[in-house]
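The values are calculated or read from the model by the stated rules, or taken from the named source; none is laboratory data. Values in this document were obtained by computation on a predicted structure and should not be read as measured data. Counting neighbours? That spans all protein chains shown, and the Cβs are built from the backbone with ideal geometry, glycine included. Heavy atoms of the whole protein, side chains included, go into the accessibility calculation; ligands, DNA and RNA do not. Shrake-Rupley method; radii C 1.70, N 1.55, O 1.52, S 1.80 Å.
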Amino acid sequence: MTERLVRPLARSGPLPPRPSNGPWAPPPIRSVADTGLNIGLLSDLAIKVMYFGGYLLGNQVAEHMCLPYTGVVDQVLEGLKREKLVEVRGAGGVGAGAFEYVITLKGVEKAHEALARSQYAGPCPVTLNQYVNAVKVQTTARMTVHREHLESALRGLTLSEEMFGRVGPAVNSGKAIFMYGPPGNGKTTIARAVGNMILGSPMWVPYSVDVDGQTIRVFDNINHELLPEEEGAQRTVATGERRDPRWVRIHRPVIMVGGELNMASLDLVYDPINKYYEAPYQMKANGGMFLIDDFGRQQVRPRDLLNRWIVPLESRIDFLTLSTGRKIEIPFNVLIVFSTNMPPADLVDEAFLRRIPHKIEVGDPTYEQFREIFKKVCESKRVPYDDKGLAYLLQEWYLKSDRNLRAVHPRDIVEQLLDISRYLNQPPALTKELLDRAASAYFVDLEY
């Protein structure tokens, strides 16, 4: 079942046991020093925010920068005011944060200088050290997954005992997994369900990361699923202070890519117009799963793609390159899964497969499994199941045509049958007529 880049699935079912220590949360910020950034970088960000925003209250500047006003943004604005880059035009309420600020002509020149270096004017970044430490602390420890956890995650799928026996140990290893087999038998579905099971606990990611004045954007709302703020969640339990607002709480990412993957997207992607970087997929997937679907159909050779992963898979460290040529070390705490419809011998050699200890073949279902899948689909689609109807379908459209069974066929054929029955304005049923019309519309003769 091939899917494209999607948000993670909803988490459900019991999760495996987790470490007993409490979850990490961003510590509160009380001063400029706590940000880890110098006052010059903060001033540049503030002047860009004000340049684009026009008349802004102090609290609004703080909100745009995702920093507390008291102790941080108030100090930044005071410095800009002393340098005559901004000025106070009035008050929009009570308190220092309610003063309204406007950028001056001198400030406009300063903003142009800052924008020439980088157009980034979003939430304030965290430092590289803060990001690395947070990823390490939040890394999912090796968990013991038992049969009941796997059954809960894969409920709705019809799998053999052998399949359960291979997926479970592979998940417990925490190492890379290579899944292969014919299309339409659920490799992608199995991989994503497993990812949601073992990576279901929330984690924190920053909006962006600063490296020597260069900004790397990490959070995006396509690959990351925000969790709703719980009441009081913005404040730390120990002190009641507001946690660092430069971080957002998300479900652990399950990021999937397919044929669109190329070598450039596995390194920092520099935007020459806006002058900041976009983090690569594996950095956005840190703490979660990175699923490479349709492996072998990418725009690069499979061998080149696999060679890219040799060092990170062994050392758990990835090296990314800035446009200046500087290389930075990023944690590679990712469960990486390769999924392919192609024979492994056509993609990789034995030497590389040795580096991936778990190879799982997801083959065609047996006739009994096919029958069980068909019954489940009929039940979910409210179509009366009939053994005689299925027997007719198998005889006429599989045995006579020497067609292989696929786990996805029951769903697709029943959906075709429902479309036809609605058109004919008659109740759906596994009759010979409807099954023939559904199968003839679904299957394609590849030879003329």
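Each Lys and Arg Cβ is given +1 and each Asp and Glu Cβ -1; about its Cα centre, the chain then shows a dipole of about 640 debye.
Averaged over residues, the count of other Cβ atoms within 10 Å places the peptides 261-271, 287-297 in the sequence 287-297, 261-271, highest first. Compared with the alpha-carbon gap, the fully stretched path from K275 to E368 is longer by 27.7 nm at 0.36 nm per residue. Just one of (i) 1.01; (ii) 1.15; (iii) 1.08 is Rg/Rh (Cα atoms, Kirkwood Rh) calculated from these coordinates, so which is it? Looking at Rg/Rh (Cα atoms, Kirkwood Rh) for this model, the match is (iii). The simple Förster model, with R0 at 45 Å and r as the Cβ-Cβ distance, assigns T431 and L353 a FRET efficiency of 0.40. Sorting T35, T189 by solvent-accessible area of protein heavy atoms yields T189, T35, largest first, with a 1.4 Å probe.
What do you get for GluC sites (Glu not before Pro) in the range 151-229 restricted to DSSP loop and a cutoff of at most 12 other Cβ within 10 Å of the site's Cβ? Let's see the in-between values first.
Working: sites: E151, E161, E162, E225, E229; in loops: E225, E229.
Counting only loop positions with at most 12 other Cβ atoms within 10 Å, the GluC sites (Glu not before Pro) in the range 151-229 are E229.
Between R301 and E78, residue separation times 0.36 nm minus the direct Cα-Cα distance comes to 74.8 nm. When DSSP assigns beta bridges and you keep just the ones with both residues in the chain, what percent turn out antiparallel, to the nearest 5? Antiparallel: roughly 55 percent of the beta bridges in the chain. When a 1.4 Å probe is rolled over the protein heavy atoms, the share of accessible surface on the chain that falls to carbon and sulfur comes to 52 percent.
On a per residue basis, the chain carries 48 Å² of accessible surface, using protein heavy atoms and a 1.4 Å probe.
Using helices alone, I'd like the mean residue ellipticity at 222 nm for the chain: each DSSP H run of four-plus residues gives -39500 (n - 2.57), total over residue count, nearest 500. Numbers along the way, then the final one.
On the way: 16 runs with 164 residues, N = 448.
The helix-only estimate for the chain comes to -11000 deg cm²/dmol at 222 nm.
Available extension along the chain between A91 and D419 is 111.8 nm, counting 0.36 nm per residue and deducting the alpha carbon span. Within the chain, which whole H helices from DSSP have a Cα span along their axis of at least 20 Å and a mean Kyte-Doolittle hydropathy of -0.5 or more, if any? Helix filter hits for the chain: 39-53, 302-315, 409-424. For the range 79-132, the list of GluC sites (Glu not before Pro) that fall in a loop by DSSP and count at most 14 other C-beta atoms within 10 angstrom reads E83.
How charged is the neighbourhood of N286? Take every other residue with its Cβ under 12 Å from the Cβ of N286, and add Lys/Arg as +1 and Asp/Glu as -1. Show your work: numbers first, answer last.
Working: positive: K136, R252, K284, R316; negative: D318.
Local charge sum for N286: +3.
Label separation (M342 vs L227): 3.9 nm, computed from points 7 Å beyond Cα along the C-beta direction.
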